[in-house]
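The values are calculated or read from the model by the stated rules, or taken from the named source; none is laboratory data. Here the structure is a predicted model, which means the values were calculated and not measured. A quick note on method: Cβ atoms are made from the backbone with ideal geometry, for glycine too, and the neighbour counts reach across all protein chains shown. Accessible surface is based on the protein model in full, side chains and every heavy atom, while ligands, DNA and RNA are left aside. Shrake-Rupley method; radii C 1.70, N 1.55, O 1.52, S 1.80 Å.
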Amino acid sequence: MTVLLRGKIAIAGTGNTRRWYAPGRSAFEQLAEASVLALEDCGLGLKDVDALYCAHSTSGLPVLNIAERLGLGPRLRHADGTMVGGASFLFHLRSAMSALAAGQCDVALVCYGSNQASAGGKLVPMPDPQPYEEPYGARYPLSSYALAAARHMHEYGTTREHLAHVALAARQWSKLNPDARERGDLSLDEVLSARMISDPLTKADSCLVTDGGAAVVLTRADMARDLKRMPVHVLGTGIAVSHRQIAAMPDLARSAAHQSGAAALQAAGVSLTDIDHVMVYDAFTICTLLFLEDLGFCAKGEGGPFVASGAISPGGSLPVNTNGGGLSCNHPGMYGLFTLIESVEQLRGTAGARQIEGAKISLAHANGGVLSSQATAILGTPDTV
Amino acid sequence: MTDPRFDGPGPDAAWEDLLGQGVFAVQFCGNCGIAQFPPGVVCRHCGGTDLVFQAASGEGTVYSTTTVRSREGGRNVAVVQLAEGPRMMSRVEGDPETVTIGLAVVARISGDETPVVVFDRKEQA
Ligand SMILES: [Zn+2]
């Protein structure tokens, strides 16, 4: 039996701390601030929240920690602490939609916070030993993405210049976003001459390391209509789980985004040509190429020439990562929730200098682990429902 | 009453034990015949539980490769496609700058205290 959820659930409020370097503020404090902002955004309060969704890189018990800190425990009717890396929050979105539609809860809070940058080396990630990879000294997670990039180059003739154009496009967008962490000039030469970390990926191919907090409030569409902000409806979602260790990825040049993307498009009942705006989780430059190809925005293997043509830069045919992405805006450990926040910004028409005129449908895609988990969400303005 | 199919040390410990005896093994499925690595309790292809360790041929080709850079220099990390089918992360010995995708390699067990499977170039082995 299929329960049709298209448009039935909406993002009612969003919160973004925009604090990319905040010494003295813990990850939970970033998360709490973002949660308050998201609830205030739509005119609700913590006392209205009866469902909690969260994942954390340093805590294996995020629901318990956060419910206690926000005082949510006594009222919770649904919760999910699924941890699949940076895509977790889009898995949470899908989980919350079902719970809301089934009437198991009424106001769902999806939230995240990190102090990865200001805490520096003091952060201890949760243990997750991989004894069949550990002896070889790969740099985690970067070398795994480098192995995917090397294979993509081998199969499709992708070059370091192609990858560099992903970083350049992100920077062109971040210059239009006053909240982006990196907004300085960046040249092709600078990207190509950046320090090599694990061939073919350099520091300039890698996302930023920042602090940050984000949250979204979800309700059923009928309730969202009566709240403060224009609801942004969830038209469809899809998830895919592929592997844990990079050597177990079935095809290093093709991600499971082709599964999550196809599922989300089908659920939303839209085609790629209907999509006005795209967010893809760019932990590394190769991610943007892989996801644009695997979601179907260009032919498989042609992501490099597509990006180098200027297609995803300001003024191009497909606006991608308009906040500047993980490469130039912010990347607090797990970035997935920020893709949704920028999609909402664009659909509300509040994105300022980077606003995509008349954007009605946005696709947000998140990745977790080492291309391990993929999740796609398609969002729309009320008149797309 | 426990199920005797799962008696004894688990596949991770059994694999490590074989490695300590100088054998690089992969599992073969008695149901579908597929080889798998890393070892597991079930066949990830068919779900069968009749898995047997056999020495790998050691033959493989580099499926993907990277050079991890540090102040001490570069070191290779590769994903090797084994002749039996599965892939594994490992390292190709020798100059990391000359490891390429498609390179034919042969497995060797390196290190006494903590043995690891590494690969040499086939033409030099
Ligand atoms: Zn089998």
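Worth pointing out:
- Any hit, the range B:9-24, residues being open to solvent by 10 Å² or more (accessible area, probe 1.4 Å), within 16 Å of the ligand (Cβ to nearest atom) and among the hydrophobic types (A, V, I, L, M, F, W, C): no
- Residue selected from the range B:54-81 under the condition surrounded by 14 or more Cβ atoms within 10 Å (Cβ to Cβ) and not in a strand (DSSP E or B), by the criterion farthest from the ligand (Cβ to nearest atom): B:58
- A residue that is open to solvent by less than 10 Å² (accessible area, probe 1.4 Å) and farther than 21 Å from residue A:221 by Cα occurs nowhere in the range A:75-84.
- Among the residues of the range A:325-358, those identified as in a loop (DSSP other than H, G, I, E, B) and touching a Lys or Arg at 6+ places or on another chain (Cβ under 8 Å) are A:329, A:330.
- Close pairs (8 angstrom Cβ cut-off, 6 or more residues apart or separate chains): within 14 Å of chain B (Cβ to nearest Cβ) in the range A:183-201, exposed (fewer than 14 other Cβ atoms within 10 Å of the Cβ) anywhere: A:194/A:203; A:195/A:203; A:197/A:203
- For the range A:1-28, a residue qualifies if it is open to solvent by 90 Å² or more (accessible area, probe 1.4 Å) and either among the polar types (S, T, N, Q) or modelled with pLDDT under 95 (or both), and the qualifying residues are A:1, A:2, A:3, A:4.
- Candidate set from the range B:25-36 (those that are within 16 Å of the ligand (Cβ to nearest atom) and open to solvent by less than 30 Å² (accessible area, probe 1.4 Å)); member that is nearest to the chain's Cα centre (by Cα): B:26
- Whichever residue in the range B:37-53 is of a type in the set (Gly, Ala, Ser) and either near the ligand (Cβ under 8 Å from one of its atoms) or open to solvent by 20 Å² or more (accessible area, probe 1.4 Å) (or both) and, among such residues, is nearest to the other protein chains (Cβ to nearest Cβ): B:47
- Strands (runs of 3 or more DSSP E) contained entirely in the range A:1-102, each with at least 2 residues that are of a type in the set (A, V, I, L, M, F, W, C): A:9-16, A:51-54
- Only listed residue being away from every other protein chain (no Cβ under 14 Å) and of a type in the set (S, T, N, Q), chosen from A:245, A:259: A:259
- For the range A:130-228, the helices (runs of 4 or more DSSP H) that sit wholly inside it and include 2 or more residues that are within 23 Å of residue A:373 (Cα to Cα) are A:142-156, A:160-174.
- Considering A:124, A:110, the condition of being open to solvent by less than 30 Å² (accessible area, probe 1.4 Å), over 21 Å from residue A:247 (Cα atoms) and outside any helix (DSSP H, G or I) is satisfied by A:110 alone.
- Here residue A:255 fulfils each of the conditions (1) open to solvent by 40 Å² or more (accessible area, probe 1.4 Å); (2) in contact with an Asp or Glu (Cβ under 8 Å, 6 or more places away or on another chain); (3) farther than 30 Å from residue B:71 by Cβ apart from (1).
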